[in-house]
1. What's the number of the only condition in (1) at pLDDT below 95; (2) touching a helix residue (DSSP H, G or I) at 6+ places or on another chain (Cβ under 9 Å); (3) farther than 30 Å from GLY333 by Cα that PHE25 fails to meet?
2. Is it fair to say ASP43 is without any contact (Cβ under 8 Å) to a residue 12 or more places away in the chain, assigned to a helix (DSSP H, G or I) and more than 30 Å from the chain's Cα centre (by Cα)?
3. Confirm whether GLU68 is modelled with pLDDT of 95 or more, in contact with a Lys or Arg (Cβ under 9 Å, 6 or more places away or on another chain) and not assigned by TED's automatic domain parsing to the domain that holds GLY207.
4. Just to be sure before I move on: is ALA269 assigned by TED's automatic domain parsing to the domain that holds VAL186, hydrophobic (A, V, I, L, M, F, W, C), more than 22 Å from LEU185 (Cβ to Cβ) and not in a loop (DSSP other than H, G, I, E, B) in the structure I sent?
5. If I go through segment 125-150 residue by residue, how many of them are in a loop (DSSP other than H, G, I, E, B) and either crowded, with 19+ Cβ neighbours inside 10 Å or without any contact (Cβ under 8 Å) to a residue 40 or more places away in the chain (or both)?
6. Within segment 75-97, work out how many residues are of a type outside the set (A, V, I, L, M, F, W, C) and touching a helix residue (DSSP H, G or I) at 6+ places or on another chain (Cβ under 8 Å).
7. Here are some conditions: (1) under 18 Å from GLY141 (Cβ atoms); (2) among the hydroxyl-bearing types (Ser, Thr, Tyr); (3) touching a residue at least 40 places away in the same chain (Cβ under 8 Å). THR70 meets all but one. Which one does it not meet?
Amino acid sequence: MVLTKEELLEKAKKPGVDALRLHPFYKGKIETGIKCALRNFDDFSIWYTPGVAKPCLDIKADPGKAYEHTNKANTVAVVSNGTRVLGLGNIGALASMPVMEGKSLLFKYLGGVDAFPICLDTKDPDKVIEVVRMIQPSFGGINLEDIEKPDCFYILDTLRKDPAMQIPVFHDDQQGTAAITLAGLVNALKIVGKRIQDVQIVFNGAGAANVAIYRLLVAAGMKPEHSIITDSKGIISRKDESLKQSEPYKYDLAAQTNPGCVSGSLAVALKGADVLVSYGANGPGALKVDEIKAMATNSIVFACENPIPGMWPWEASEAGVKVFATGRSDFEGSSQINNSLGFPAIFRGTLDVQARTITDEMCIAAAYEIAKVAEEKGNLNPGYIVPTMDEWELFPREAVAVATKAIEQGVARLKKSKKELLEHAEAVIKRSRDMVAASMKGGFIKNP
């Protein structure tokens, strides 16, 4: 049955309505659990004092033993200060908690990774950096989340270059978003019969997502001179010398893109463009049908603003878009370009080889594996360019691709075969899913 526009709009509102009802029902989405056997109370002398002193001293003598004696090898801190949450903006650390808990849930269910929200009540990027440095003994990795620009760039770059950081630091809004967008674009281009090195791409928005996407697409073969970037004021250009002082990262981008120094609004940038990657519009109507119509034949539009995309699917259809995607899962006939297909498996692979960092090449490997899994289904079409979250085989395969690339690049502490990596990833992820199913069946997780 084909739904009317009104019915589709009501359907789009339903997740928010349900969220307000079910969040207080469960009072949060995650909790700590016990993974060791407790045969009787005598076991506490093993897991706590006096027995626990022995693994403590073992770690003191050899810090690497922390990965064997504790859960460090499978833990990630989801760190945010709540200054740029979804499409909600600066709502603060406390109000960001539902998002960070949701992120932790996805980490566990999709990647088998134990993640926990660390929401920091500070806007000072140096304090965020200091906290991350201090908490690294407790975690195997750090996932930065929902931090405003340009602080997000500064925090990530500083921590990645810091020799004191012994664990990988990843900003999902940058690297994770870039990986899944590249994956979607790889298959979208196959559908329209175009090549990444030939297409003209417009990036609507110059925030963390699009800056990282631009950089990763360049690394994957896109020509910088074939792209134009817009911000809230319009097309950015190297002619705008004021950017050197006010927003130097934007000037760096302007110097690489828009070789004709075109000026004007997004509408000007879109004329004849093959691809629009939009992470900057604010709600429906921001991407206008008439302006999208001016794009090239067989156009590709990723309207990935969350929670409300820059245009609705039926508007994209009216504009003649060939491949349309959003960040949401509730629109039939359009794909979901969502980080959830990336970060759980990227960290799964990273943790499984104890990689010291997460490189751009590891993210590209993830992207191509995501695209490959969808293509192998034999059903690539405008409404299916990447797998869906319920195609669980994606996650172990993606983890293997990431881990293998880490080994190739020499950033992994452990070396394992692809067979070993796949078997481990499948087992860990299956365990997480089975535990949820068993807890629901047993009544430990109540049905709403």
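The values are calculated or read from the model by the stated rules, or taken from the named source; none is laboratory data. Given the structure is predicted, the values throughout are model-derived calculations rather than measurements. Cβ atoms come from the backbone with ideal geometry, glycine included; neighbour counts cover every protein chain shown.
1. Condition (2) is where PHE25 drops out.
2. Here the answer is yes, as ASP43 does meet what is asked.
3. No.
4. No, not satisfied.
5. 6
6. Residues in segment 75-97 being of a type outside the set (A, V, I, L, M, F, W, C) and touching a helix residue (DSSP H, G or I) at 6+ places or on another chain (Cβ under 8 Å): 5 in total.
7. So THR70 meets the others, but not (3).
Residue by residue, here is whether (1) over 20 Å from GLY383 (Cα atoms); (2) in a loop (DSSP other than H, G, I, E, B); (3) free of Cβ contacts under 8 Å to residues at least 40 places away in the same chain holds:
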position: ARG238; (1), (2), (3): yes, yes, yes
position: GLY264; (1), (2), (3): yes, yes, yes
position: GLY283; (1), (2), (3): yes, yes, no
position: ALA286; (1), (2), (3): yes, yes, yes
position: ASN298; (1), (2), (3): no, yes, no
position: PHE302; (1), (2), (3): no, no, no
position: PRO307; (1), (2), (3): no, yes, no
